[in-house]
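Before any comments, here is the structure.
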Amino acid sequence: MWFPETIHLSSWLLFLALALYFVFIIAAVVFVVKENRNPIRALSWVIALIFLPGVGLIFYLFFGRSMRGEMMTQANRRRLAHSFSPSGVKLKDLNISREQKNLVILGTETGGFPLTFNNEIEILTDGTSKFTALKKDLEDAKKYIYLQYYIFLDDRIGNEIAEILIKKAREGVEVKVIYDHVGSFSARNKFFKNMQNAGIEVHPFFRVNFPQFANRINWRNHRKIVVIDDKTGYIGGMNIADRYAYGNGKNKELWRDTHFRVEGDIVDSLKYSFLVDWNFLKENPYFPTTVRPMQEIKNERGIQLVTGGPISRWDNLSLTFLKAITSAKKLIWIQTPYFLPTDALIHALEAAALSNIDVRIMMPAHTDSLLLHYSSFSYITQCLAAGIKIYLYQPGMLHAKAMIIDDNLVTAGSTNFDFRSFENNFECNLFIHDTDFNKKMRDIFYEDLKHCVKVHREQWKRRPIGQRFLESVLRLVSPIL
């Protein structure tokens with residue numbers, strides 16, 4: 001039997017709980033505003049906190065907080081730079097345009113890596129060619145293998161790579177592996193344990209467990225870097241997973257992606273990037289004792305590595321993308337699996353298209369995420385109105401991340417054209433200044449166009465009302481996806 005005193009106490013407890021909840025909400029909103037972050041992104045979080053009771057607060061705790069300031073200590077970074085640092089060239093000695101020099105300076109100031117010459121680069125657009133080359137280079141390793149992937153699965157191709165790494169470790173080759181804990185979550189612990197037992201140093205990037213769960217789940221290392229014996233490197237968009245080499249489960253269609261095999265001075269930059277991430281994870285930093293000797297490759301193909309992430313002072317990749325786009329004079333061709341541009345980038349693309357620059361965006365007709373799929377589609381109407389050409393890739397998942405500018409610049413790597421890559425993920429891209437390489441990438445773009453359907457403005461207006469409503473709703477929260 002309920003008594004008035006019990007009812008009175010229950011009411012007060014309910015009132016207290018609601019009061020505390022609203023205090024937390026107000027405090028979170030104030031904290032978001034005080035961070036002085038991107039206004040659109042901040043507004044998205046405020047809307048989520050206010051209009052999604054409970055859920056909005058939980059999402060903010062897991063995905064909304066900033067990580068800036070958490071990094072490898074400056075003392076350790078200086079020590080690493082002293083023991084091993086990539087060398088570049090003097091810009092005043094180069095025969096490149098003022099726009100290109102400014103872009104190189106921006107990349108150096110934000111990402112910290114110089115422009116390098118004396119390089120060779122091979123384009124790999126399918127998993128078969130990429131993994132065939134990678135396995136051969138791993139087999140040929142004599143001194144060390146540094147391997148870093150967002151996804152490293154214990155499927156067929158994953159076990160093939162792991163077996164080679166174990167074999168090389170037992171032969172006395174130094175092997176270090178970084179995998180992203182969330183990206184590789186479906187891989188069994190035994191898979192990585194077997195590598196450790198063979199003498200391989202294996203570390204997950206930001207292991208997600210309690211009590212650090214809320215602090216770490218949103219910050220993912222999306223980079224894909226391999227460095228072998230100071231002479232060979234790999235970078236791009238392909239992870240270690242069967243979807244690139246053998247098909248994705250019942251669907252045998254391979255993912256279309258772009259990856260690079262490099263030799264020359266740019267390998268120094270890839271090695272340095274790996275070691276920064278390695279020392280970010282380790283309590284006892286590792287500093288190499290040898291420096292790679294100069295290679296005998298002689299050419300003027302300029303390549304610069306630009307890295308970015310939530311610990312960077314600047315939005316490195318967003319700024320370099322913006323600078324490259326605004327410097328374009330003839331064409332801007334983009335391939336991306338997800339298209340969720342920042343406000344500055346979408347306006348830059350609109351301005352380019354409206355000034356008669358050929359702007360083309362290629363994205364998959366169907367992606368691995370319905371949420372990101374419809375969020376990306378929400379920008380198509382805006383793009384078409386400005387004269388931007390949109391192409392939807394039909395055969396399967398287009399996972400390539402590349403941007404071609406005019407006839408002498410290409411950037412490609414792990415960076416998607418979306419908020420998460422620009423602000424929350426640890427990413428890396430190569431910026432290649434070379435006319436011949438640019439032509440090869442344009443030829444690949446043309447080949448991919450054969451498998452695309454061009455989106456026409458009048459036809460796009462006739463898409464279902466339900467789809468348009470879903471796109472509009474997801475557009476509101478796209479900055480925090």
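The values are calculated or read from the model by the stated rules, or taken from the named source; none is laboratory data. Just so we're clear, the structure is a prediction, and the values are computed from it rather than from any experiment. Cβ sites come from the backbone with ideal geometry, for glycine too, and all protein chains shown count toward neighbours. Keep in mind that these areas ignore ligands, DNA and RNA; they rest on the heavy atoms of the full protein, side chains included. Shrake-Rupley method; radii C 1.70, N 1.55, O 1.52, S 1.80 Å.
Sticking with the crude label model, points 7 Å out along Cα→Cβ, report the distance from Glu201 to Leu476 in nm, one decimal please.
Output for this residue pair reads 4.9 nm.
Going down the list Lys323/Lys454; Lys136/Lys450; Lys168/Lys193; Lys130/Lys271; Lys136/Lys224, which pairs span over 22 Å between their C-alpha atoms?
The pairs that break the limit, which is 22 Å between Cα atoms, are Lys323/Lys454; Lys136/Lys450.
Under Stokes-Einstein, with the Kirkwood radius over Cα pairs standing in for Rh, what whole-number D in µm²/s applies to the range 292-440 at 37 °C and 0.692 mPa s?
The Stokes-Einstein estimate is 205 µm²/s.
Check each of the trypsin sites (Lys or Arg not before Pro) in the range 320-381 and keep only those in coil by DSSP with at most 13 other C-beta atoms within 10 angstrom; list them in order.
Of the trypsin sites (Lys or Arg not before Pro), the ones in loops of the range 320-381 whose Cβ has at most 13 other Cβ atoms within 10 Å are Lys329, Lys330.
Once amide H atoms are built 1.01 Å from N in the peptide plane, which residues 5 or more positions from Tyr338, or in another chain, come under 5 Å H to H?
Phe417
Considering only protein heavy atoms and a probe of 1.4 Å, how much of the accessible area of the range 333-481 is carbon and sulfur, as a whole percent?
Of the solvent-accessible surface of the range 333-481, carbon and sulfur hold 57 percent.
Select from the range 135-243 those chymotrypsin sites (Phe, Trp or Tyr not before Pro) which occupy a DSSP coil region and have at most 13 other Cβ atoms within 10 Å, ordered by residue number.
The qualifying sites are Phe185.
So, counting K/R as plus one and D/E as minus one, what does the shell of residues with Cβ under 12 Å around Thr110 add up to?
Taking every other residue near Thr110 into account, the sum is 0.
Using the Karplus curve 6.51 cos²θ - 1.76 cosθ + 1.60 with θ = phi - 60°, what ³J(HN,Hα) values do you get for each residue of the range 118-126, in whole Hz, with x for Gly and Pro?
For the range 118-126, the Karplus-derived couplings read 6, 10, 10, 9, 10, 8, 10, 10, 9 Hz, x marking Gly and Pro.
State the extension gain, in nm to one decimal, for the chain segment bounded by Lys135 and Ile465, taking 0.36 nm per residue of separation less the distance between their alpha-carbons.
Length gained between Lys135 and Ile465: 113.9 nm.
Just the accessible area per residue of the range 358-449, please: how many Å² with a 1.4 Å probe?
27 Å²
Given the Cα-Cα distance of Thr381 and Glu122 and 0.36 nm per residue of separation, how much length would full extension add, in nm?
Stretched out fully, the Thr381 to Glu122 stretch lengthens by 89.6 nm.
Of the accessible area of the range 102-204, with the probe set at 1.4 angstrom, what percent is carbon plus sulfur?
49 percent
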